[in-house]
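Please treat every number below as a calculation from the coordinates, not as lab data. This one's a predicted model, so the numbers in the text were calculated from it and none came from an experiment. Glycine also receives a Cβ, built like all others from the backbone with ideal geometry; neighbour counts cover every protein chain displayed.
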Amino acid sequence: MEVVQGDFSKPRIGIDAQCWARLVGEVEVVVHAAAAVELGATFQQLSQVNVEGTRALLELCRGAGKGCALIHVSTNGIFPLVEPQAAPWREDFNTE
């Protein structure tokens with residue numbers, strides 16, 4: 001296992017071309033847990049990190065061409081803020 005430091009606010013998550021090429025040739029599994037989670041931010045403010053960063057990792061896995069797995073660790077940031085005394089969110093909660 002190797003941890004690769006990047007910057008999801010930059011194209012190709014801030015990884016230089018030489019390291020990117022090496023990863024494409026070697027990677028079998030990518031664990032993606034990076035995210036901007038400012039709950040009050042707009043989609044436009046978060047999209048470079050959360051959308052384009054994930055897209056870059058998908059391209060990395062696709063480039064590997066040997067069945068590279070992308071494991072995406074998400075957050076609960078999609079839920080609205082609730083009062084502290086409110087019941088916890090359940091999997092079957094109707095969000096509509």
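Charged side chains reduced to their Cβ positions (Lys and Arg at +1, Asp and Glu at -1) give the range 11-72 a dipole of some 160 debye around its Cα centre. Loop-located GluC sites (Glu not before Pro) in the range 1-47 (DSSP state not H, G, I, E or B) with no more than 12 neighbouring Cβ atoms inside 10 Å: GLU2, GLU28, GLU38.
For the range 11-72, the Stokes-Einstein estimate of translational diffusion at 37 °C and a viscosity of 0.692 mPa s comes to 265 µm²/s, using the Kirkwood hydrodynamic radius over alpha-carbon pairs.
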